[in-house]
Each structure stands twice: as structure tokens, then as C-alpha cells.
Amino acid sequence: MNHAQHVLNRLAIADREHQKEAGGRFLLGAVKYVCLVVLAAFLSDVVFHLHSGWRLALLLAMIGGALALAAAGWYLAYVRRNRLEHIARFLETRDPALGSRLINLLQLRGLAEDASLAPLTRELAREAVEGYAGDLTKAPLEKLARTDALRHQFRRAAWALLGFALVLAAFFRVTAVEIARFADPFGDHPPYSFT
């Protein structure tokens with residue numbers, strides 16, 4: 001079962017790569033929402049001239065939200081693990097040449113270790129597992145786990161940040177006042193006035 005264990009280890013590595021990408025996609029996908037929240041906080045202060053307590057609460061909520069997003073991304077990337085069957089199915093959909101060998105290997109491995117089955121059945125299952133494992137030794141499992149989705153999500157996040165920067169630059173006078181009011185909620189920073 002050495003070849004089979006090697007394939008299982010590679011499946012676990014592929015799952016780790018897949019989860020790192022999922023964590024990155026999650027964080028990059030959240031960038032546009034963070035930008036919208038900051039703009040909404042600035043706009044609400046411009047319109048309602050928020051009291052310092054409200055500005056402090058909004059600032060703390062934004063910092064807490066950013067930390068929660070970072071923690072969720074870290075959890076997705078470095079803590080969460082998928083079942084081997086899940087990553088096997090994912091890899092099989094990415095490369096049709098794999099057929100269903102990965103999932104078959106996992107299912108037959110379960111039969112080979114099932115003590116309630118007849119010894120001959122377990123032996124046949126072990127041989128089938130070794131056959132599948134031998135076929136899969138050169139399959140690029142780890143490479144298949146990485147998709148192009150992270151690059152696409154990075155591009156979207158860059159566009160969101162560019163739009164955010166353009167809005168802040170277009171309303172520079174408002175932006176300067178709001179940054180001062182949120183950076184120092186209890187300071188003497190009068191609210192922005194259109195008059």
C-alpha cells in the first residue's frame with residue numbers, strides 16, 4: 001500500500017493548495033465590500049454629521065469586520081480540510097484523463113480495510129488500489145488543484161480598489177475631512193459642510 005499512501009498524501013497536499021486558493025479568493029472577493037462599507041461610513045457622516053461616539057463605533061466595527069474577514073480567510077486557507085473524496089471529485093472534473101480512478105481508489109481502499117468482508121474480497125480490493133495508485137503516480141494532482149480563479153479575483157479586487165481611490169480623489173475635500181474625523185473621533189474636526 002506504499003503507492004496508495006503516496007497518492008493519499010498527494011491528495012492531501014492538493015487539498016491544501018485548493019484551500020489556500022479558496023482563502024485568497026475569499027479575501028480578494030471581500031475587498032469591494034470593504035470599500036463600500038468605508039464609503040458608506042464616510043457618506044453617513046457627511047449627511048448626518050455623526051456624533052464622536054457613533055464615529056468611534058463605526059471605526060471599531062470596520063476594524064472588527066476587517067479582522068473577522070482576515071480570520072475567515074486564514075481559516076479557509078490554513079485550517080479547513082476537505083474530505084479526500086471531495087478533492088478527488090474536484091480533480092477528476094479538472095482533468096478528464098483521470099476518469100474516476102481517484103474516487104475508485106478511495107472507495108476500494110475502504111473495502112480493503114473493512115474487516116467484515118471476506119479475506120479474498122479485501123485482497124482483491126488491495127490489488128485494485130495498488131493498480132490505481134500505480135496509474136496515478138505521475139498524475140499532476142497538486143498542479144490540478146490550482147486554478148486561474150485567484151488571478152481573476154485579484155484583477156477584480158484591483159479594479160474595486162482603483163474605483164475606490166478614484167471616488168476618494170474626486171471628492172478630495174470631503175475625503176480629507178472624513179479621514180481626520182474617523183482617524184481621531186474625539187478630536188476637534190468639524191463635519192464637512194457643503195456651504
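Being open to solvent by 80 Å² or more (accessible area, probe 1.4 Å), at pLDDT 95 or above and either in contact with a strand residue (DSSP E or B) (Cβ under 7 Å, 6 or more places away or on another chain) or under 22 Å from residue 24 (Cβ atoms) (or both) is a condition met by at least one residue of segment 161-178. Every condition in (1) in a helix (DSSP H, G or I); (2) closer than 30 Å to residue 28 by Cβ is met by residue 82 except one, and the failing one is (1).
Scanning segment 91-109 for residues that are open to solvent by less than 50 Å² (accessible area, probe 1.4 Å), over 18 Å from residue 3 (Cα atoms) and either hydroxyl-bearing (Ser, Thr, Tyr) or part of a helix (DSSP H, G or I) (or both) turns up 91, 92.
Taking first residues from segment 178-195 that are under 15 Å from residue 53 (Cα atoms) and assigned to a loop (DSSP other than H, G, I, E, B) and partners that are among the aliphatic types (A, V, I, L, M) and modelled with pLDDT of 90 or more, the Cβ contacts under 6 Å between residues at least 6 apart in sequence or on separate chains come to 185/56; 189/180.
Filtered by the rule that a residue be surrounded by 18 or more Cβ atoms within 10 Å (Cβ to Cβ) and without any contact (Cβ under 8 Å) to a residue 60 or more places away in the chain, segment 27-42 gives 27, 30, 34. Looking only at segment 64-71, decide whether some residue is more than 20 Å from the chain's Cα centre (by Cα), modelled with pLDDT of 95 or more and open to solvent by 60 Å² or more (accessible area, probe 1.4 Å). No, every residue in segment 64-71 fails to be more than 20 Å from the chain's Cα centre (by Cα), modelled with pLDDT of 95 or more and open to solvent by 60 Å² or more (accessible area, probe 1.4 Å). In segment 102-131, the residues that are among the β-branched types (Val, Ile, Thr) form Cβ pairs under 9 Å with partners that are in a helix (DSSP H, G or I) and open to solvent by 80 Å² or more (accessible area, probe 1.4 Å), at six or more places apart or across chains, as follows: 103/89; 129/3.
The values are calculated or read from the model by the stated rules, or taken from the named source; none is laboratory data. Note that the coordinates shown come from a computational prediction; the quantities given were computed from them, not determined experimentally. FYI the Cβ positions are ideal-geometry reconstructions off the backbone, even for glycines, and counts take in every protein chain you see. Calculation scope for accessible area: heavy atoms of the full protein, side chains included, ligands and nucleic acids excluded. Shrake-Rupley method; radii C 1.70, N 1.55, O 1.52, S 1.80 Å.
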